[in-house]
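Comments concern the structure below.
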Amino acid sequence: MGLSTSDDFTNWLSRQVERVESAIKQHLPSAETSPKQLHEAMQYAVLGPGKRVRAALVYAAAEAVAVANDGLSSPQEIALDHAATAVEFIHAYSLVHDDLPCMDDDDLRRGQPTVHIQFDESTALLAGDALQPLAFEILAKMPIAPALVVQAVRVLAHNAGSLGMAGGQAIDCASAGQTLDFEQLQTMHSKKTGALLQTSVQLGGIVTAARSSQRQSLLAYAQAIGLAFQVADDILDVVGDRQTLGKTPGKDAANNKPTYVSILGLEGAHKQLALLHQQAQEAIVSLGEPGRRLGEIADYIVGRNR
Ligand code: GRG
């Protein structure tokens, strides 16, 4: 969608993708562990070619705080791998369940057959079910101060639950064929898509014991990019193609779902995206140079084509 990112950022992002995928492999039971089909499905769900935006946000938020606070200790580096893995597990579970016939009923995700197509519905349901507690187990094992571990668990639990992502999904399921106004759409997406992106940024701040002023900047940034991510998604659902997206475009219109494009029009959605992008960049000015990667992730989210 126009905004290009530098080679330096592309290389940085590739390193974060490699880093979290290596951590993910360490934390997932092998496909040889019984029950084999369940573990195979969990591997398939999580290790498909995702963009790893949530993991990158964990690392970038930590960098924004830690560079200013004398760098990261090795226990903090390990804890960040746990946090990045946990958010990718919750994200993967949400995609597996969202693709089920009782929800969005989709057959393509990350350019591959969805988990219930590749395996079967009960395996897909269970793979999602099993990824959720594993995410919390990994967070609970972060080698940092217990009070920070508790904060991290609480933030992820709250934002993945009925007042966050699952609640947003419930509003989304109920919205097919309904008219939502702009405020209702924002509320739905700040929960469904925004809550987990926000959590990713918050976890980076929690692991690095960010000061209150730093946490406020991170939160304002996260709220803006959480919504920007969804506006970009709604635009891509209209202008994107199946091969580049790796999922089925046009689903929102087909399911008669209200979106930023259906409410604001394509041009209005682009303007909304630019506004959120600006809000995200303004929110991190106070973090200075260490917040650079967060700024670049905002550019990436706004400019993405998949
Ligand atoms: C089932 C409780 C439950 C929640 C599902 C996140 C979600 C809620 C559904 C996904 C539907 C969807 C396509 C939402 C739009 C934004 C979004 C989360 C897109 C997918 O995230 P990406 O683009 O995916 O980061 P990758 O594959 O790159 O990880």
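Structure summary
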| read-out | value |
| --- | --- |
| In sequence order, calculated HN-Hα J values of the range 286-303 (Karplus, 6.51, -1.76, 1.60; Hz; x Gly/Pro) | 5, 7, x, 3, x, x, 4, 5, 4, x, 5, 5, 4, 4, 5, 4, 6, x |
| Helix-only CD estimate at 222 nm, as mean residue ellipticity for the chain, using -39500 (n - 2.57) per DSSP H run (n ≥ 4) | -23500 deg cm²/dmol |
| For Gly48, net neighbour charge (Lys/Arg +1, Asp/Glu -1) across residues whose Cβ lies under 10 Å away | +2 |
| For the chain, size of Cβ-based charge dipole, Lys and Arg +1, Asp and Glu -1, in debye | 500 |
| Ratio of Rg to Rh over the range 167-252 (Cα coordinates, Kirkwood Rh, two decimals) | 1.06 |
| Where the Cα pairs of the chain fall when distances are cut into 10 Å bins, in % | 6, 28, 37, 23, 5, 0 |
| The range 132-196: radius of gyration over Cα atoms, expressed as a fraction of 2.2 N^0.38 Å | 1.38 |
| Relative contact order [Cα under 8 Å, 6+ residues apart], the chain, whole percent | 23 |
| Environment charge of Ala232, counting only residues whose C-beta is closer than 12 Å and scoring Lys/Arg +1, Asp/Glu -1 | -1 |
| Approximate shape of the range 1-98 as ellipsoid semi-axes (Cα gyration tensor, √5λ), whole Å, largest first | 27, 18, 11 |
| Three semi-axes of the equivalent ellipsoid, the range 201-306, Cα gyration tensor, whole Å, largest first | 30, 14, 12 |
| Karplus (6.51, -1.76, 1.60) ³J(HN,Hα), θ = phi - 60°, over the range 84-91, in Hz, Gly and Pro reported as x | 5, 5, 4, 5, 5, 5, 5, 4 |
| Around Asp241: net Lys/Arg minus Asp/Glu count, Cβ-Cβ under 12 Å | +2 |
| Phi to ³J(HN,Hα) by Karplus 6.51 cos²θ - 1.76 cosθ + 1.60 over the range 196-202, Hz, x for Gly, Pro | 6, 5, 4, 4, 4, 5, 4 |
| Distance violations [Cα-Cα > 22 Å] among Lys36/Lys191; Lys247/Lys271; Lys192/Lys247 | Lys36/Lys191; Lys247/Lys271 |
| Tensor-based shape of the range 94-222 (alpha-carbon gyration tensor, a/c under 1.5 rounded, otherwise prolate or oblate) | oblate |
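Taken together, the values in this text are just the output of simple stated rules run on the coordinates, not laboratory data. Model, not experiment: these values are computed from the prediction. Ideal geometry is used to build each Cβ from the backbone, glycine not excepted, and the neighbour counts take in all protein chains shown.
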